[in-house]
Amino acid sequence: MTSLECILAESEINQQEWQDERNWVTWFGIYSSRRDSRLWVPKRMPALGWTINFGHPRGPLLFWCILGVLALLVLLAVYL
């Protein structure tokens, strides 16, 4: 299989996983798919932006890093 075929196959898997309802928690727009290779994925309604793929190995780490930075900014705003 050539690298182009691998990219196309990966893209097809990603699209199939994104469309699979079982990978979405509908109340919060949370996406989790271990088969989807993307860390950032478009939300179910792409006009609303992007979300983290919690099934990706770095997904939860990214979430906690973002949350930590936001908490640090709030603390700095309160105490400065």
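Within region 18-32, count every residue that is surrounded by 10 or more Cβ atoms within 10 Å (Cβ to Cβ) and either touching a Lys or Arg at 6+ places or on another chain (Cβ under 6 Å) or not small (G, A, S) (or both).
Quick first cut of region 18-32, residues surrounded by 10 or more Cβ atoms within 10 Å (Cβ to Cβ) only: 18-20, 23-25, 29-32.
Going one step further and asking which of them are either touching a Lys or Arg at 6+ places or on another chain (Cβ under 6 Å) or not small (G, A, S) (or both), we end up with 18-20, 23-25, 29-31.
Matching residues across region 18-32 total 9.
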Original post:
Does C6 meet the test of being open to solvent by 70 Å² or more (accessible area, probe 1.4 Å) and assigned to a helix (DSSP H, G or I)?
Top reply: no
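Take the conditions modelled with pLDDT of 95 or more and at negative phi and apply them to L80. Does it pass? Show your work before the answer.
Values: modelled with pLDDT of 95 or more: no; at negative phi: yes.
No, not satisfied.
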**OP:** Return the pairs, sorted by first residue and then second, in which the second residue is open to solvent by 100 Å² or more (accessible area, probe 1.4 Å) and assigned to a helix (DSSP H, G or I), the first residue lies in region 8-29 and is under 15 Å from L48 (Cβ atoms), the beta carbons are less than 9 Å apart, and the residues are 6+ apart or on different chains.
**Re:** G29/L48
**OP:** Search region 33-74 for residues being small (G, A, S) and outside any loop (DSSP other than H, G, I, E, B), and hand back the single one that is surrounded by the fewest Cβ atoms within 10 Å (Cβ to Cβ).
**Re:** A47
Original post:
Looking at L75, is it aliphatic (A, V, I, L, M), under 11 Å from the mean Cα position of the chain (by Cα) and at pLDDT 95 or above?
Top reply: no
Original post:
Can you pull out the residues in region 14-49 that are of a type in the set (G, A, S) and within 13 Å of the chain's Cα centre (by Cα)?
Top reply: G29, S32, S33, S37, G49
**OP:** Could you tell me whether any residue of region 9-17 is of a type in the set (A, V, I, L, M), loosely packed, with under 10 Cβ neighbours inside 10 Å and in a helix (DSSP H, G or I)?
**Re:** no
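Among the residues of region 50-69, write down those that are among the hydrophobic types (A, V, I, L, M, F, W, C) and within 8 Å of the chain's Cα centre (by Cα).
Initial filter on region 50-69 (among the hydrophobic types (A, V, I, L, M, F, W, C)): 50, 52, 54, 61-67, 69.
Result: W50, I52, F54.
The values are calculated or read from the model by the stated rules, or taken from the named source; none is laboratory data. Predicted model, so just to flag it, every value in this text is computed and none were measured. Please note: Cβ atoms are built from the backbone with ideal geometry, for glycine as well, and neighbour counts cover all protein chains shown. The accessibility values were calculated without ligands, DNA or RNA, using every heavy atom of the protein model including side chains. Shrake-Rupley method; radii C 1.70, N 1.55, O 1.52, S 1.80 Å.
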